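Engineer: Shown below is the structure under consideration.
The values are calculated or read from the model by the stated rules, or taken from the named source; none is laboratory data. This structure is a prediction, so every number in the text was calculated from the model and none was measured. Note: ideal-geometry Cβ built from the backbone for every residue, glycine included; neighbour counts use all protein chains shown. The accessibility values were calculated without ligands, DNA or RNA, using every heavy atom of the protein model including side chains. Shrake-Rupley method; radii C 1.70, N 1.55, O 1.52, S 1.80 Å.
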Amino acid sequence: MSFSTLGLSEPVLKAIAEQGYKTPTDIQKRAIPIILSKKDLIAAAQTGTGKTASFVLPILELLNTGYTLRGKRIKALILTPTRELAVQVEASIANYSKHLELSSMAMYGGIDAEPQKQRLIWGIDILVATPGRLLDMAHQRALHFDELEVLVLDEADRMLDMGFREDINKIIERLPTQRQNLLFSATLSDDIRQLAKRAIGPHAVEISIKQDKSTQPKIDQWLVTVDKTNKSALLSYLIKDNEWKQALIFIETKHGAAKLVSQLEKRDIKAECIHSGKTQEIREKILADFKSGKIQFLVATAVAARGIDIDDLSRVINYDLPDKADDYIHRIGRTGRAGASGEAISFVAKDNFRNLCAIESKLGHIIERKEFEQFPVKKVVPLSILNYVPKNKQRL
Ligand code: AMP
């Protein structure tokens, strides 16, 4: 199947060809015709499935009517959990719409609102925004929704995890009731269904997408059990011994991130860290340097790392194991993108045993363990019990 059978027009097809996409991914095959027929859609699809193009391409078609907006109006609103994802989605829109006359903008907090307000004055066809800044702008009457046609909730599960439920509800109250609604989420939990009921209504088409072969990550996962006090030495050893050139390193706290950078530097490994304590401008600069290869090792807290999208990221390291199994899946999905191969390595201390059980249960298999004789473990991590259900019924 090719893109031309999906009902997309020449300028969009041309942009897709220029991106080098040959065939649509599963979600694109299924979602594009549904969206073009103006139906509401709820889609379970993870990052890496090609989901962004699956909603951006048909939205471009639907909005490409030559109709000019009034000032401070938008035709489509895409809500994302993070500024990084907003920037990334808007970059995709700019790519796919380059042969069309449609405007787009990413709007997020943490930076001066004035330039964003100025751009809104003439109207923006497609606005990609984080919920907080969007509400601010609406309160200040810098933006009105009366011409809105399409709402997209992207990574809806992340938005709920990050506490945006109330903001989303407030935004929805401001939107015209006649609109098309699209919701994308890695998982369709009860929480998401509740949100969908409110935001989307009862007549949405629901689809669920497994990873498509062409974008199926080939991720080599392994773990090292390690005593907490040895983690930074182990990381330095692995980087040097394997001559790694790149890694995104996940860590739990801001303070831990800064400390790890200085520990690595003491061992002659240059690294940078990114966390919510740094300004948006600095974070963007660091991210750009990491993408270009200027920075080889980036230590990131989970929140700061959300939305980081690097096509050829070769390696992620869980220096601290995440609390939730879904977060593990999401993190390792950042490597091995678009069919490339990647490596995901986790450092597991005895305290992480419960989390490890939950992760391996979710994966349905035990993760390969590697041992390094220079780092003998005092506190042994037992093998997981698969199908483990945590007592506190923590949602996995
Ligand atoms: P997403 O799931 O939207 O984050 O997309 C994952 C990656 O797949 C992105 O790097 C896209 O550029 C890429 N991609 C999207 N659609 C296709 C396609 N039809 N063929 C090949 N790569 C694609």
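Engineer: From the set of residues in the range 17-31 that are part of a helix (DSSP H, G or I) and surrounded by fewer than 22 Cβ atoms within 10 Å (Cβ to Cβ), which is nearest to the ligand (Cβ to nearest atom)?
Structural biologist: The extreme case among them is GLN19.
Engineer: A further question on this structure: When you look at ILE329, is it assigned to a helix (DSSP H, G or I) and within 30 Å of THR23 (Cα to Cα), yes or no?
Structural biologist: So ILE329 passes the test.
Engineer: Go through ILE34, ILE42 for me and flag whichever is open to solvent by 10 Å² or more (accessible area, probe 1.4 Å), away from the ligand (no atom under 13 Å from the Cβ) and part of a helix (DSSP H, G or I).
Structural biologist: ILE34
Engineer: Turning to a different aspect of this structure: Could you give every pair whose Cβ atoms fall below 9 Å, whose first residue belongs to the range 4-30 and is not assigned by TED's automatic domain parsing to the domain that holds GLU101, and whose second residue is open to solvent by 20 Å² or more (accessible area, probe 1.4 Å) and among the β-branched types (Val, Ile, Thr), counting only separations of at least 6 or pairs across chains?
Structural biologist: none
Engineer: Let me ask another. Criterion first (without any contact (Cβ under 8 Å) to a residue 40 or more places away in the chain and over 29 Å from MET162 (Cβ atoms)) does GLU272 satisfy it?
Structural biologist: no
Engineer: Report, by residue number, each residue of the range 1-16 that is hydroxyl-bearing (Ser, Thr, Tyr) and either within 11 Å of the ligand (Cβ to nearest atom) or on the phi > 0 side of the Ramachandran plot (or both).
Structural biologist: Result: SER2, single match.
Engineer: Which residue pairs have Cβ atoms under 6 Å apart, sit 6 or more places apart or on different chains, and have a first residue in the range 165-188 that is free of Cβ contacts under 8 Å to residues at least 40 places away in the same chain and a second that is assigned to a loop (DSSP other than H, G, I, E, B) and among the aromatic types (Phe, Trp, Tyr)?
Structural biologist: What qualifies is ARG174/PHE145.
Engineer: Can you tell me which residues in the range 223-264 are within 25 Å of the chain's Cα centre (by Cα) and more than 23 Å from ARG334 (Cα to Cα)?
Structural biologist: HIS255 - this is the single residue of the range 223-264 that is within 25 Å of the chain's Cα centre (by Cα) and more than 23 Å from ARG334 (Cα to Cα).
Engineer: Within the range 103-155, work out how many residues are free of Cβ contacts under 8 Å to residues at least 40 places away in the same chain and aliphatic (A, V, I, L, M).
Structural biologist: So the answer is 7.
Engineer: Give the range 86-122 a look and list any residue that's among the polar types (S, T, N, Q) and either assigned to a helix (DSSP H, G or I) or open to solvent by 20 Å² or more (accessible area, probe 1.4 Å) (or both), or say none.
Structural biologist: Within the range 86-122, GLN88, SER92, ASN95, SER103, GLN116, GLN118 qualify.
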